[in-house]
Amino acid sequence: MGLRLGFVGVGGIAQRHLANAALRGDVTIVGHADIRLERAQEAARKYGGRAYDGCPALLEAEQPDAVVICTPPDAHGDIEETCAGRGVPFFVEKPVAVSMELAARVKRAVDAAKLTTQVGYMYRFSKGVRRVRELLRSRRIAMVQQHFYMPGLPDRDWWPFLERSGGQLTEQSTHMLDLGRFLCGDVVSVAGTTARVRDWKPRPDSPRTGGLLWAADPFTIPDTTALTLRYASGALGTLSCSMVPGTAWDCGFRIVAEGLIVTIEGGDVRWRGSEEGTEAAGENWPSYVLYDFLDAVLEGRPSAVPYDEGVRSLAISLAGYASAEAGGAPVATADILRGVL
Ligand SMILES: NC(=O)c1ccc[n+]([C@@H]2O[C@H](COP(=O)([O-])OP(=O)(O)OC[C@H]3O[C@@H](n4cnc5c(N)ncnc54)[C@H](O)[C@@H]3O)[C@@H](O)[C@H]2O)c1
């Protein structure tokens, strides 16, 4: 039967992880928990296992070896603590939380249980990204230029609320901020500014782009954000992100290092300078982050992106918001993380 796997929160992204888990011969999906029970029932019909209306019932009845948590950003805390209390390893989608207070609570539980955990930062597993990490290892990095543009607002009731999603900076751009840490090391301070560039009030003809919305009311998040980052290595960085509709999904990097300029588009990379080359992300590369977790649990080895990493990457977004609130003065990530790590 192999590893007995449970799912908590079986909305959008869980469908990807369910499909990937189902491809593994050494994994059996034993149960699905969702506060919308009909979603858990649908997942059970499609992938096997039984349906539950919450994580505690799933853990009690099925005693899974590991759990995949795909709840919205504001629905973290109790689920992870319940898993940790029972010693059940978990994979959790990014962001790990929308506040450092909650992330710290979960981290204490994870540490106490010495739990295997993984955060869903899938870009770290692109083959191209891994290649670039090797290329950058021996070079001084001067500039880390990151961007994340979305063509609109994801159609989720929690997305337009800052206290529920964390806004684009915490919810989506965290992928790039985390990748920046993976490739270029830790960020020591962040200066940020945010803006609401367009009127998101619904109009009779409010269209969609690629399934994304162009309107929401209430809408309490910034739609455009700019950060300046200072890395521990001495490198400087920027992050530009916007969800103003009409553009396309576009996320990536330009990294300026001694003898090399690297361009990352999604998971694909190219580099030029003293060496030139390209490398694609790899076939079904978004599955690797889950597979690394499953293998870590099966083999009893550490995972590649433990909970701590999610906490450190969250701190960059929160430092950006803290700076914006303070009028743009730099905020140290160490201040955001004080007492947590
Ligand atoms: N890594 C990626 O590429 C990627 C892509 C999309 C989404 N995500 C992340 O995944 C998370 C979920 O996003 P989504 O788009 O799937 O959201 P969603 O709203 O489609 O699904 C979330 C599900 O969780 C359920 N839920 C809420 N609270 C719960 C609770 N306490 N117990 C059990 N179930 C609960 C909801 O009913 C819903 O079915 C977000 O943090 C998002 O950032 C990651």
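Listed values, structure above:
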read-out: From the C-alpha gyration tensor of the range 86-144, square roots of 5λ in Å; value: 30, 15, 11
read-out: Eligible lysines near LYS94 by straight Cα distance, threshold 26 Å, same-chain separation 8 or greater; value: LYS46, LYS107, LYS114, LYS127
read-out: Rounded, prolate or oblate (a/c below 1.5 giving rounded, otherwise prolate when a/b exceeds b/c) for the range 268-307 by Cα gyration tensor; value: prolate
read-out: Sparse-neighbour loop sites [GluC sites (Glu not before Pro); the range 279-314; at most 14 other C-beta within 10 Å; DSSP]; value: GLU283
read-out: Relative pair counts by distance (%), Cα atoms of the range 224-330, 5 Å bins; value: 2, 9, 12, 15, 19, 19, 14, 7, 2, 0
read-out: Among GLY31, GLY300, GLY282: highest mean-square fluctuation, GNM of the chain, C-alpha pairs under 10 Å; value: GLY300
read-out: Label-point gap, in nm, between ALA334 and GLU60 - each point 7 angstrom along Cα→Cβ; value: 4.7
read-out: All Cα pairs of the chain, percent lying beyond 33 Å; value: 28
read-out: P(r) tail fraction, the range 1-106 - alpha-carbon pairs more than 18 Å apart, %; value: 42
read-out: DSSP-loop trypsin sites (Lys or Arg not before Pro) across the range 76-158, with at most 12 other Cβ within 10 angstrom; value: LYS114, ARG137, ARG140
read-out: Prolate/oblate/rounded call for the range 161-226, Cα gyration tensor, a/c under 1.5 rounded; value: prolate
read-out: Summed side-chain charge close to MET143 - residues other than MET143 whose Cβ falls under 14 Å, Lys, Arg +1, Asp, Glu -1; value: +3
read-out: At most 10 other Cβ within 10 Å, DSSP loop - GluC sites (Glu not before Pro), the range 1-95; value: none
read-out: Compactness of the range 81-210, expressed as Rg and Dmax over alpha-carbon positions, Å; value: 18.1, 56
read-out: Interchain or long-range residues, amide H under 5 Å from LEU213's placed H; value: LEU153, ASP155
read-out: Residue-averaged [θ]222 nm for the chain, counting only DSSP H segments that reach four residues, each worth -39500 (n - 2.57); value: -10000 deg cm²/dmol
read-out: For TYR231, solvent-accessible area (1.4 Å; no DNA, RNA or ligand), Å²; value: 0
read-out: For the range 20-67, convex hull of alpha carbons as volume per residue, Å³; value: 67
read-out: Residue-level accessible surface for TRP158, protein heavy atoms, 1.4 Å, Å²; value: 30
read-out: Listed residues ASP186, ASP199, ASP34, most fluctuating in the chain (Gaussian network, C-alpha, under 10 Å); value: ASP199
read-out: With every protein chain in place, the chain: carbon and sulfur % of accessible area (1.4 Å); value: 50
read-out: Net charge, SER240 excluded, C-beta distance under 12 Å - Lys, Arg +1, Asp, Glu -1; value: 0
read-out: Choice from ALA22, ALA66, ALA40 with maximal GNM fluctuation in the chain (Cα, 10 Å cutoff); value: ALA22
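The values are calculated or read from the model by the stated rules, or taken from the named source; none is laboratory data. From a predicted model like this one, the values you see are computed outputs, not experimental measurements. Note that each Cβ is placed from the backbone with ideal geometry, even for glycine, and that neighbours are counted across all protein chains shown. For accessibility, only protein heavy atoms count, side chains too; no ligands or nucleic acids. Shrake-Rupley method; radii C 1.70, N 1.55, O 1.52, S 1.80 Å.
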